[in-house]
1. Cβ-Cβ under 7 Å, sequence separation 6+ or interchain: first residue in segment 156-176 and under 21 Å from residue 248 (Cβ atoms), partner charged (D, E, K, R) and in a loop (DSSP other than H, G, I, E, B). Which pairs?
2. Quick check: anything in segment 166-173 in a helix (DSSP H, G or I), closer than 23 Å to residue 204 by Cα and either of a type in the set (Val, Ile, Thr) or at pLDDT below 95 (or both)?
3. What number of residues within segment 240-261 satisfy the criterion of being surrounded by 14 or more Cβ atoms within 10 Å (Cβ to Cβ) and either modelled with pLDDT under 90 or under 22 Å from residue 186 (Cβ atoms) (or both)?
4. Do you know which residues across segment 265-286 are more than 27 Å from the chain's Cα centre (by Cα) and either in a helix (DSSP H, G or I) or within 26 Å of residue 146 (Cα to Cα) (or both)?
5. Any chance you could count how many residues in segment 48-92 are outside any strand (DSSP E or B), under 12 Å from residue 36 (Cα atoms) and in contact (Cβ under 8 Å) with a residue 40 or more places away in the chain?
6. For segment 107-132, give me each residue that is under 18 Å from residue 221 (Cα atoms) and over 13 Å from the mean Cα position of the chain (by Cα).
7. If you take the residues in segment 262-278 that are over 19 Å from residue 164 (Cβ atoms) and touching a residue at least 12 places away in the same chain (Cβ under 8 Å), which one is surrounded by the fewest Cβ atoms within 10 Å (Cβ to Cβ)?
8. Select, from 205, 143, the only residue that is free of Cβ contacts under 8 Å to residues at least 40 places away in the same chain, closer than 25 Å to residue 246 by Cβ, small (Gly, Ala, Ser) and surrounded by fewer than 21 Cβ atoms within 10 Å (Cβ to Cβ).
Amino acid sequence: MSNLITICVPAYRRPGLLRYCLNSCLAQDYRPLEIDVGDNSPAGDDECERLVASLLPPPGITLRYRRNHPGGGLATNLNNLFAVARGDRLVLMNDDDALLPGAVSAMAEGFTMADNVVAAYGMLERITPEGAPALEETRIHNAHANRTLEQSGLRRDPLVCALWRQIPPIGFLIETEAARAVGYHDPSEIGLPVDADFGVRLALAYRTRSFAFVPHLSVQYRLPSPDGITARNKASVPWRLYELAAGLDGLTPEENAARDWLLRRLAHPAVVAHALGKRRRDALRILFSRHYPYFEGVMRPLYVLGLLAVPGVVSALRRVVGVKMSSGPAVYPPGPAVLPVNATRQPHDRRLRHHAVVGVE
């Protein structure tokens, strides 16, 4: 295996955020490093291209730009980037996210844990749309995904990790050939959770291989703005992922337990999504399954039954009862800081923090 690592960055009409991402990649201390930008911006929009041309990479880093005509979707862009990557391993990024200092080196070190490691990843930090750290969001997200110090190290149970969604949606290091073989599905095929779909299919294809989870805060994930999440998007996420997980068979006891854990988390939002999509039979099937979290109280199932019977009753229930009955997962109580004292995190580059605030379009 060669030492070259490629960072794949799909871009689309967000030069300010792309600058933030690329600065974080150029600040990495790993060598040799290659950064490939695949631009899906429409014809006539050359801002991302001009930005990439203006950047001077330091020694040991190569910056390459690729314009897609026609642009296609995100999955097509990602798969094209996988195809042209020259490194034997690659890191997947989004154009509005950032690698934290030392991330690539820490994940590359994870590949030394065993000869059969196919992917390595660290912890994830969530940031607001404006670039400020979202501390409670970060704690909850890492805890929900079992992305904690106690779970770090060599993972010989890749499907368990994938069902936990322990692999971050971006900022992980993977063998290039594995990324090409698995590939990303278009949202029209799987819905919005393309990252979870990729992780599960990766684990299924490489069940005899290992993952490496390094105790290093590696990547910043920018939360979408509230007006950027449509009701249709919210409804499309949970039920497709629920059905993907429910359809798995031939699982070990540990994998089955991880699958059940995921299904319990997804059951209520999946039921609501089916109800909103007028798939009543599917909604009732999950509502009366063993995975539906009745232990969380009676208001949620009553909300669903009302939604199935008379959709207009939902707003009335919210006004009368005065409680939040959202389609999202349960809110967990506050806890300790997500980053354990033994986890490593190098200081932020001041340039990154600056761009996190002023680089937003």
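1. Pairs that qualify, where the first residue is under 21 Å from residue 248 (Cβ atoms) and the partner is charged (D, E, K, R) and in a loop (DSSP other than H, G, I, E, B), are 158/207; 158/209; 159/207; 166/147.
2. Of the residues in segment 166-173, the ones in a helix (DSSP H, G or I) are none.
No.
3. Here the count works out to 8.
4. 280, 281, 284, 285
5. Within segment 48-92, residues that are outside any strand (DSSP E or B), under 12 Å from residue 36 (Cα atoms) and in contact (Cβ under 8 Å) with a residue 40 or more places away in the chain number 10.
6. Filtering segment 107-132 down to residues under 18 Å from residue 221 (Cα atoms) leaves 107, 120-132.
Within segment 107-132, 107, 120, 127, 128, 129, 130, 131, 132 meet the criteria.
7. Checked segment 262-278; the qualifying residue surrounded by the fewest Cβ atoms within 10 Å (Cβ to Cβ) is 277.
8. 205
The values are calculated or read from the model by the stated rules, or taken from the named source; none is laboratory data. Computed from a predicted structure; not experimentally measured. Reconstructed Cβ throughout: ideal geometry from the backbone, glycine too, with neighbour counts over all protein chains shown.
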